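Trainee: Here you go, one structure.
The values are calculated or read from the model by the stated rules, or taken from the named source; none is laboratory data. Quantities reported herein were computed from a predicted structural model and do not represent experimental measurements. Here Cβ is always computed from backbone atoms with ideal geometry, including for glycine, and neighbour counts include all displayed protein chains.
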């Protein structure tokens, strides 16, 4: 693509986004704000109560599930969320847990709830596009603030350290410059926002030792505030394997819809494995562009975690590839597979490597070549056949 064509494409993309934002704001100001908000806030909160502000996003996934489980049936909670929209931080949603009522407000209107807040729990702010506003606002309330490391948004905007399908080293991260909220921002600028915020945070919760270690690389001044509290696995209801299948058959599990979760790794490995003498069963979701059609590759769709052991037995899976190329902060999927007792291979990153390296049927993949991936899967398989020896 020549430079003129590239310029034209970027220019029209900018115009499209700008018009989308203006249209969105017009609709909001005309209908939602004027007709709904001013009326609905009147009885939104109980003036005699103090509330805990729980901050998250509307994106779904494990983080939102964690929030729902933690605060289910807990009274006096205000949920602050950032709806997905053309201009992401043009309005927030706030929800009163006592009544279930939800309203949408502009950032400047958050001052109306300040007097009701006694504590703040920041679960995730990865989709918030004006950190220069929201982080100082948390601090300005002068109430206890607790922060969870559900991702590495506090290190860099690319929450999983993956950019253009490539995992970034610490050196590459520190040199990064990205487009953020219609402007360029450097790593140093991003870092300062968070460094100042953490100075006022009381406690920081990590869900794996590896998350604490990564945090320590960037914020050693605040490491004493970090406590490792692994997620509960009481929800796992599946059984365990009494005997591993003898035939070498590969399984892949999880929601693999981006480069960070290993979509490119899976695509390359499937191309490499076409028409080979082993079978591959993919359970969960895989992006369409990452799929490869071959008689020995099977797409099984979404699965019930409670039947995980049964699925592995039915499909004859004897080793599993966990393809994520980002450091997971906990990894429920790996925890579930270890519980079942199936051999696993993963890259030497994050909580997944922390778990797999300590697992008797676990094998670390040393590089991303297809030959190395297959060798690691076979090594994990052999450990399973020899009871971890």
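Trainee: Tally up the residues in the stretch 351-389 that are over 23 Å from the mean Cα position of the chain (by Cα) and closer than 20 Å to residue 335 by Cα, please.
Mentor: 15
Trainee: Another question about this same structure. Given the residues 272, 281, which is the only one that is modelled with pLDDT of 95 or more and either touching a strand residue (DSSP E or B) at 6+ places or on another chain (Cβ under 6 Å) or not assigned by TED's automatic domain parsing to the domain that holds residue 351 (or both)?
Mentor: On the way: 272 fails: either touching a strand residue (DSSP E or B) at 6+ places or on another chain (Cβ under 6 Å) or not assigned by TED's automatic domain parsing to the domain that holds residue 351 (or both).
Residue meeting the stated conditions: 281.
Trainee: Okay, moving on. Can you tell me which of (1) part of a helix (DSSP H, G or I); (2) modelled with pLDDT of 95 or more; (3) within 28 Å of residue 167 (Cβ to Cβ) is the one residue 250 doesn't meet?
Mentor: Only one criterion is unmet by residue 250, namely (1).
Trainee: Could you please tell me which pairs satisfy a Cβ distance under 8 Å, a separation of 6+ or placement on different chains, a first residue in the stretch 54-70 that is assigned by TED's automatic domain parsing to the domain that holds residue 134, and a second residue that is modelled with pLDDT of 90 or more and part of a helix (DSSP H, G or I)?
Mentor: 54/67; 54/71; 55/138; 56/67; 62/332
Trainee: I'd like the full set of residues that are within 22 Å of the chain's Cα centre (by Cα), modelled with pLDDT under 80 and surrounded by 14 or more Cβ atoms within 10 Å (Cβ to Cβ), limited to the stretch 77-96.
Mentor: Matches in the stretch 77-96: 83, 85, 86, 87, 88, 89.
Trainee: Output the residue which, of all residues in the stretch 295-326 that are within 19 Å of residue 270 (Cβ to Cβ), touching a residue at least 60 places away in the same chain (Cβ under 8 Å) and over 26 Å from the mean Cα position of the chain (by Cα), is surrounded by the fewest Cβ atoms within 10 Å (Cβ to Cβ).
Mentor: 316
Trainee: Could you please find all residues in the stretch 111-132 being surrounded by 15 or more Cβ atoms within 10 Å (Cβ to Cβ) and free of Cβ contacts under 8 Å to residues at least 60 places away in the same chain? Spell out the reasoning first.
Mentor: Residues of the stretch 111-132 that are surrounded by 15 or more Cβ atoms within 10 Å (Cβ to Cβ), as a first pass: 113, 116-117, 119-131.
Result: 129, 130.
Trainee: If you go through the stretch 268-277 one residue at a time, do you hit one that is touching a helix residue (DSSP H, G or I) at 6+ places or on another chain (Cβ under 9 Å), surrounded by fewer than 19 Cβ atoms within 10 Å (Cβ to Cβ) and within 17 Å of residue 346 (Cα to Cα)?
Mentor: There is at least one residue in the stretch 268-277 that is touching a helix residue (DSSP H, G or I) at 6+ places or on another chain (Cβ under 9 Å), surrounded by fewer than 19 Cβ atoms within 10 Å (Cβ to Cβ) and within 17 Å of residue 346 (Cα to Cα).
Trainee: Please state which one of 356, 340 is farther than 21 Å from residue 375 by Cα, in contact with a helix residue (DSSP H, G or I) (Cβ under 7 Å, 6 or more places away or on another chain), outside the structural domain of residue 212 (by TED's automatic domain parsing) and modelled with pLDDT of 95 or more.
Mentor: 340
Trainee: Here's a follow-up. Within the stretch 162-181, is even one residue touching a strand residue (DSSP E or B) at 6+ places or on another chain (Cβ under 7 Å), at pLDDT below 95, in a strand (DSSP E or B) and not assigned by TED's automatic domain parsing to the domain that holds residue 290?
Mentor: yes
Trainee: Please work out which residue is nearest to the chain's Cα centre (by Cα), limiting yourself to the stretch 39-76 and to residues that are at pLDDT below 75 and surrounded by 11 or more Cβ atoms within 10 Å (Cβ to Cβ).
Mentor: In this case the residue turns out to be 61.
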